[in-house]
Amino acid sequence: MYDLLIIGGGPGGYLAAERAGENGLKVALFEKRNLGGVCLNEGCIPSKTFLNSAKMYEHAVDGKTYGVTTEGASIDQKAIVKRKNKVVKTLVSGVGTKMKHNKVEVVSAKAEIKNRLNGVITVVADDKEYQGKNLIIASGSDVMIPPIDGLKDQLEKGFVITSREILDLEVIPKKLIIVGGGVIGLEMASYFQTVGTEVTVVEMLGHIAGPADLQISKLLQKNLEAKGMVFHLNSKVTSFGDGYVEYEADGKSNKVEGDYCLISIGRKTVSDVGLDAIGVENDRGRITVDEQMLTNVPNVYAVGDVTGEWMLAHAAYREAEVAVNTILGKKDTMRYEAMPSVIYSNPEVCFVGETEESAKEKGLDFQVITVPLAYSGRYLAEVERGNGIMKILVDKKRKYMIGAHMVGSYASELTIMFGMMIEKQMTMAEIQEFIFPHPTVSEALREAVFQFKDN
């Protein structure tokens, strides 16, 4: 008898296993592919190795601006993919080592829920039954493939690829079409545009970067367009053909051609794990949970992408901790008000909390403060022709930050600072008393908080 069964070895699953094992629980973790899930094997980490190589290449090519001349800089895509695979292998091995250290039994097979009788949950994997007192479902998500004319055929032919295949691409396409201007699409667009590909992004919405603040979204688009990227917004893809994508915009049919097309319009939950066998409530595969990540079935929890709440690895990490703490009898609650989001494009983008649009929609009384990152001496010293900004939203009555957004260097590393301030509802007066290290980009926040008008 296991204390905890976990279906899915991605961020939510393996962290839940680690935390439970650390606390002495007997754990079985089921993973049908590779430990680490999408994030580690074909998402967050692989894409960052690509983007780091692009950043180094851009520094070499543009070094003359900073007094450094490099001749003959070039991209070796095969070497980049090889390094990516090495990084992934190292991290996957690290997850496996942690599982062994915490005495977690890892079962490399697809798992399915069989039943729940007298409080005991049975899961079947490789025709073997496993019984446990608690179950965490962390089965993740997969690429969304919409029913668009020609898409299935072009996926089979290899013209259309997903986020999985593009990270194994060993050639630099001359032309790349990206359908979807969200995080994945923009990060891959940023990489390939930097290394010499002509990138065209086709997006159905009137803006890029999904839920990002519109001012931030527009500034990011401006920066990417300055590098040669082309955007077709308010454009609905109607069909895929051999080397082309057709879309409608303003009532007219248009066609864009390319060597490859990345489809990145979102992800769908993977919930084919036998939910009906024990009556787990879900909305088209999105498992319904409460603030402790508990489903409607006693002792059955769900974390990560399968809940459909925030499809982010760090959201899954925290959800896993809340679920395990609840199992251990520790009081804990999942909160999403200060969920950090990052787009690792160049320039980077981060956002936490309310956007100007969401705050207005909720009828909040707030003040918007926007400062150029040029207020930071470090930013000015390191970024030539930079137009980055930091934007905060402050609740006028309670005088604390409810949203923070940034375009520019080190945005990803500053996100946690914004998140902590929003989570802890720190007032502007409290933040003003902080000592910001000099020179750092974080000093732009000091400039912003001192611009708050307390009236």
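The values are calculated or read from the model by the stated rules, or taken from the named source; none is laboratory data. Being a predicted model, the structure only gives us computed values, none of them experimental. Using ideal geometry, Cβ is built from the backbone for each residue, glycine included, and neighbour counts are taken over all protein chains shown.
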Restricting attention to the stretch 28-41, and to residues there that are modelled with pLDDT of 95 or more and of a type in the set (A, V, I, L, M, F, W, C), which single residue is farthest from residue 141 (Cα to Cα)? 28
Return yes when residue 64 is over 25 Å from the mean Cα position of the chain (by Cα), under 27 Å from residue 137 (Cα atoms), surrounded by fewer than 20 Cβ atoms within 10 Å (Cβ to Cβ) and among the basic types (Lys, Arg) and no when it is not. no
Within the stretch 1-55, the residues that are out of contact with any Phe, Trp or Tyr (no Cβ under 8 Å at 6 or more places or on another chain) and among the β-branched types (Val, Ile, Thr) are 38, 45, 49
Residue 118 passes all but one of (1) at positive phi; (2) buried (at least 18 other Cβ atoms within 10 Å of the Cβ); which number fails? (2)
Please go through (1) farther than 25 Å from residue 55 by Cα; (2) part of a loop (DSSP other than H, G, I, E, B) for residue 448 and return the number of the only condition it doesn't satisfy. (2)
Residue selected from the stretch 222-233 under the condition in contact with a strand residue (DSSP E or B) (Cβ under 6 Å, 6 or more places away or on another chain) and either β-branched (Val, Ile, Thr) or not in a strand (DSSP E or B) (or both), by the criterion surrounded by the fewest Cβ atoms within 10 Å (Cβ to Cβ): 230
Polar (S, T, N, Q) and either part of a helix (DSSP H, G or I) or over 15 Å from residue 89 (Cα atoms) (or both) - does that describe any residue in the stretch 28-35? no
For the stretch 286-297, pairs from a residue that is farther than 10 Å from residue 334 by Cβ to a residue that is charged (D, E, K, R) and part of a loop (DSSP other than H, G, I, E, B), with Cβ under 6 Å and 6 or more apart or across chains, are 288/281; 296/281
Somewhere in the stretch 122-133, is a residue without any contact (Cβ under 8 Å) to a residue 24 or more places away in the chain, surrounded by 14 or more Cβ atoms within 10 Å (Cβ to Cβ) and either touching a helix residue (DSSP H, G or I) at 6+ places or on another chain (Cβ under 9 Å) or among the polar types (S, T, N, Q) (or both)? yes
Residue pairs qualifying under the 6 Å Cβ cut-off, at least six apart or on distinct chains, with the first in the stretch 58-74 being acidic (Asp, Glu) and the second being modelled with pLDDT of 95 or more and in a helix (DSSP H, G or I), are 58/194
Return yes when residue 318 is modelled with pLDDT under 95, in the same structural domain as residue 137 (by TED's automatic domain parsing) and not aromatic (Phe, Trp, Tyr) and no when it is not. no
Tell me yes or no: at least one residue of the stretch 169-179 is crowded, with 20+ Cβ neighbours inside 10 Å, in contact with a Gly (Cβ under 9 Å, 6 or more places away or on another chain), part of a helix (DSSP H, G or I) and of a type outside the set (Asp, Glu). no
Could you tell me which of the residues 67, 72, 94 is closer than 23 Å to residue 48 by Cβ and either not assigned by TED's automatic domain parsing to the domain that holds residue 25 or not β-branched (Val, Ile, Thr) (or both)? 94
Would you pick out the residues in the stretch 264-318 that are part of a strand (DSSP E or B) and closer than 26 Å to residue 180 by Cα? 267, 268, 269, 283, 286, 287
Unique match (being at pLDDT 95 or above and not in a helix (DSSP H, G or I)) among 133, 98, 86, 78: 133
Being among the hydrophobic types (A, V, I, L, M, F, W, C) and out of contact with any helix residue (DSSP H, G or I) (no Cβ under 7 Å at 6 or more places or on another chain) is the filter; apply it to the stretch 357-407 and report the residue that is surrounded by the most Cβ atoms within 10 Å (Cβ to Cβ). 359
Only residues that are in contact with a Leu (Cβ under 6 Å, 6 or more places away or on another chain) and either of a type outside the set (Asp, Glu) or surrounded by fewer than 21 Cβ atoms within 10 Å (Cβ to Cβ) (or both): list them for the stretch 331-356, please. 343, 344, 345, 349
Counting only residues that are in a loop (DSSP other than H, G, I, E, B) and among the hydrophobic types (A, V, I, L, M, F, W, C), which one in the stretch 418-445 is nearest to the chain's Cα centre (by Cα)? 441
Taking residue 25, is it more than 11 Å from residue 138 (Cβ to Cβ), more than 17 Å from the chain's Cα centre (by Cα) and in a loop (DSSP other than H, G, I, E, B)? yes
